[in-house]
Each structure stands twice: as structure tokens, then as C-alpha cells.
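The values are calculated or read from the model by the stated rules, or taken from the named source; none is laboratory data. Predicted, not measured: the structure shown is a model, and the values here were computed from it. All Cβ positions, even for glycine, are placed from backbone atoms using ideal geometry, and neighbour counts span all protein chains on display.
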Amino acid sequence: MSQHTQALTRFLASLDYQQLPEAVISRTEELFLDWLGSALASQGAHPIPLFERYAAKMGPGTGPAGILVNGQTTSAYFAALVNGASSHLVEQDDLHNSSVLHPATVVFPAVLAAAQDLGKSGRDLIVAAVAGYEAGIRIGEFLGRSHYRIFHTTATVGTLAAAVGVGKLMGFNPQQFTHLLGTAGTQAAGLWEFLRDAADSKQLHTAKAAADGLLAAYLTGEGLSGAQNILEGEQGMAAGMSSDANPACLSDRLGSRWALTETSFKFHASCRHTHPAADALLALMQREGLGAEDIASVTTRVHQAAIDVLGRVEVPQSVHQAKFSMGTVLGLIAVYGKAGLPEFHQHALSDARVGAFRDKVRMVLDNDVDDAYPQRWLGRVLVTTVQGRSLQGSIDEPRGDPGNTLSRAELEDKFRRLLAFSGARSDEQASGLLEQVWHLRHLDDLSVLTCIGRPS
């Protein structure tokens, strides 16, 4: 085991609530609220009921942990599975830029389920979530850009991030964290090929990452051993899943750099790779007073990962696939001025104006944009008007990035809109959940989060 992995496991074992700056605690509460809204927004939407039925068939009929979308209780494992699937469907959950990891959708399902099972407090949950974020982000950065081209980092690295969060709840020492990483890492999987077919695999990715991470922690607690050098070993994750791994990322400024606070909130309900161009186009159209009908073509200058992920979708066949179509996202922005859940579900596949605009959009690799990625996600668009004018739009920090973040009032508004979209909860229930989440650090009984949130 390398010095970097050793430093990471020592940090995770020693981490406690008193070490956390107020900004980290507050941001964890905000990220938890954002995750909760994303999970509840998927109630009743395909394929989440499939996961619910699987949990009902294979798991216990009742248990200590709550399933958010239906208000049922079950074992911690199956709660993590369903909550992990549901919180990644509407594409509104958070993203950390430089690791290209969606931490919330894998960390929170695992730590909430385990915390409810183990009788832990909100304060315990916060520490566990921070541990999961800090480890997951660094492991994602360690595996590098080459990993993300083939593997869905939230699925692979997410398994380890979820495991670390649960391991922290269980009070693991450095050696146990080493075994934990080995057992979680050997389960890590998730391939991008599903994008070509509009398949439902993305929800399976996050479901399994959360549940398998929890599995790894509980088995480690029972004494199961794991590989001692799963990250950097000769046949470990970097060897099989990366060509540009950087071990120094694993121990980068542990305890002083709080990577959790670098996480971005999603403003648009689409793949994050579309957001920089969407913001740049919207700003340009507002600046120039243009409508969709005034635009002849749009060239988006993007990083290579955007082409790798978004370039698989030409004409989307489902709402979820439309969220991975640059042309469709920009079509919604151009026609409706926004690309939220209502726009995707009501117009993305059926509005001929959106389809026509989609055909005007192309992506090209921009070396400057690519060089900045993944630390910075730059938005650059070139618009040609029907009158023949050439116009440029740019944005350096998409809406929701740490330097252009959402306030608590904006997060509350997003939360209420997410719940209203699915009809998952009444406005009164939404208010009750908001009150509990803003006092997460003071909660002794975490079951209230699923009791208040039962379907109305």
C-alpha cells in the first residue's frame, strides 16, 4: 500500500465532527437537501418502480431504513439500493468538477440507510457524508480523465465513496478502511455504453454503488478482508481502469482542502456537460435580444469528455436520453429560456421547434476549453444568425459552480419545484422536510426524514 492510500485511511479514521469548519457542515446540509429533492422528484417515474418491486420481492417487508419514493421501510441494503437509483434519474443531483463524480447520489443513500439502521444522529451522518465526499473526490481525481471516457465514475468510484461513508458511521480504524477500500474497489463497475441505446443502466449504476458500498462496509465490520492495495496495485483499479492515474491526488491536502465545498449544484435538468454551453447560449441570446427563430446555427466549443458522453446521442428516443443531447438542451434553452424538468417532459421530444434547433447545433473540440477541464468547465458558443451575423458567447463558471453557487433560498425553491414536479409531497410536507434538513446537525432520530416524507 502506498503512502498516499495510507494517508487517506488515517485521515478517514481520525476525522470527527469537531474538525469540520462551519462552512463544511452547512454545505453538507445543503447538499443533503439537494439530494433529497432529486430522489423525491423521481417518484413514479420509469424505471424507479422496477427497483421498488425488486426490493419488495427480495428484501424484508419492513425494516429500520426508509425508501424515500414510497415511504416504505426495509433493510439498509435495499433502502440504499432504491434511494441510490431514484436520486440520479432527473439529473438534478450535484457534481464535483475535477473528479467528474456525482457524490450525493451514492454517498447519501448509503449513509442515511446505515445511519437509520445503526441508530446514528444527524451529526454522525454529516461526518460520514464528509468522509465519503472527501475520499470519493480524491479517488476520482486519482483515476483521471482516461477513466471517465469508458467508465461512469459515479458508479465505479461511487462504490468506494459510499463504502467510506458507511465505514465512518461504523467507526473503522485505518486497517479496516484499507480492507473496506479493497472490498468496495473489487466491486466497482459501470460502463457508458448504455447511452447509445437509451438504456436504464444509469440508475442501476448508482443503486449498486450505494448498496455495494454499504455491503462492503458491513462485511468489513464482520471481519471480511479486502485487497491491501486496490487503488494502485499491479492488478488494482488504476491498472485496469486508467492510463493517467496520479497517486498524489489521494492525499491532496487532507484536512485543509475540503473538497466537498467544491461541489456544484445543478441548475439545468440535464447532463452537466451541457450546462456551460447552455449558460453561454442563454447569456448571448439575452444580450443580443435573439429568439430561437433568429439563429441559423450554433457551434459549441467543448472539452473532449463532452464529445465522448454527449456525442453518442443524435436523435433522443427518451426524455432521459434527451438530457444527454447537446442540441436538445440548447433547443429548450433557445425556445423556452430554460431546460428544467417540465421543459424536458413536455417539450424535449414533441416540440418541432426544439427538434429543428437541435439540428442546428454541433460540438467541436476546443483545445483551451479541453486544457481547462476538468478543473474548470468553460462555456463557449459561436452563433450565426439568419442575417449572417457571427456572435460569440462565453461563461467561465456555469450556474451552480462554487463561484456562482445557489443560495439557500434558491436551493429551497429548487427543492419545492422538484417535489411539485412529481407530486411526491404536499407543500406542507415540503416545509416540514426543509425544517428538518436545515437542522440536520441537531437531529437525534433520522427516521423523521422518511416519516415526514411519506407520499401524501
Count, please, the residues in region 290-317 that happen to be in a helix (DSSP H, G or I) and of a type in the set (Gly, Ala, Ser).
3
Hey, any hits in region 383-404 for a residue that's surrounded by fewer than 20 Cβ atoms within 10 Å (Cβ to Cβ), touching a residue at least 24 places away in the same chain (Cβ under 8 Å), hydroxyl-bearing (Ser, Thr, Tyr) and assigned to a loop (DSSP other than H, G, I, E, B)?
no
The condition from (1) touching an Asp or Glu at 6+ places or on another chain (Cβ under 7 Å); (2) β-branched (Val, Ile, Thr); (3) at pLDDT below 95 that Val313 misses is numbered (1)
Restricting to region 409-444, name every residue that is touching a residue at least 24 places away in the same chain (Cβ under 8 Å) and exposed (fewer than 14 other Cβ atoms within 10 Å of the Cβ).
Gly423, Ser426, His439, His442, Asp444
Within region 186-198, can one find any residue that is surrounded by fewer than 24 Cβ atoms within 10 Å (Cβ to Cβ) and more than 27 Å from Lys323 (Cα to Cα)?
yes
Could you list all residues from region 253-268 that are assigned to a loop (DSSP other than H, G, I, E, B) and among the β-branched types (Val, Ile, Thr)?
Thr263
With modelled with pLDDT of 95 or more and touching a helix residue (DSSP H, G or I) at 6+ places or on another chain (Cβ under 6 Å) as the only criterion, which of Arg441, Arg425, Arg408 stands out?
Arg441
Yes or no: region 282-289 includes at least one residue that is free of Cβ contacts under 8 Å to residues at least 12 places away in the same chain, more than 17 Å from the chain's Cα centre (by Cα) and assigned by TED's automatic domain parsing to the domain that holds His345.
yes
What are the pairs with Cβ atoms under 6 angstrom where one residue, in region 19-31, is in contact (Cβ under 8 Å) with a residue 60 or more places away in the chain and the other, located anywhere, is of a type in the set (Gly, Ala, Ser) and buried (at least 19 other Cβ atoms within 10 Å of the Cβ)? Sequence gap at least six, or different chains.
Thr28/Ala129; Leu31/Ala104
Hey, Gly71 hits all of (1) of a type outside the set (Ser, Thr, Tyr); (2) buried (at least 22 other Cβ atoms within 10 Å of the Cβ); (3) part of a loop (DSSP other than H, G, I, E, B) but one; which does it fall short on?
(2)
Quick check on Ala216: is it touching a Pro at 6+ places or on another chain (Cβ under 6 Å), surrounded by 24 or more Cβ atoms within 10 Å (Cβ to Cβ) and at negative phi?
no
Take the residues of region 405-456 that are among the hydroxyl-bearing types (Ser, Thr, Tyr) and part of a helix (DSSP H, G or I): which is farthest from Gln43 (Cα to Cα)?
Ser431
I'd like to check something: does region 256-271 contain any residue that is surrounded by fewer than 21 Cβ atoms within 10 Å (Cβ to Cβ), without any contact (Cβ under 8 Å) to a residue 40 or more places away in the chain and within 23 Å of the chain's Cα centre (by Cα)?
yes
Condition check for Asp34: crowded, with 20+ Cβ neighbours inside 10 Å, of a type in the set (Asp, Glu) and either part of a helix (DSSP H, G or I) or more than 19 Å from the chain's Cα centre (by Cα) (or both)
yes
Residues that are buried (at least 16 other Cβ atoms within 10 Å of the Cβ) and more than 20 Å from the chain's Cα centre (by Cα): find the helices (runs of 4 or more DSSP H) completely inside region 318-370 holding 3 or more of those.
326-336, 341-347, 352-358
Quick check on this structure: which one of Ala56, Ala115, Ala76, Ala65 is over 30 Å from Asp370 (Cβ atoms) and more than 22 Å from the chain's Cα centre (by Cα)?
Ala56
Here the residues within region 98-128 that are outside any helix (DSSP H, G or I), over 15 Å from Leu449 (Cβ atoms) and not aliphatic (A, V, I, L, M) are Ser98, Ser99, His102, Pro103
Please verify whether region 93-100 includes one or more residues that are among the acidic types (Asp, Glu) and either more than 23 Å from Arg425 (Cβ to Cβ) or out of contact with any strand residue (DSSP E or B) (no Cβ under 9 Å at 6 or more places or on another chain) (or both).
yes
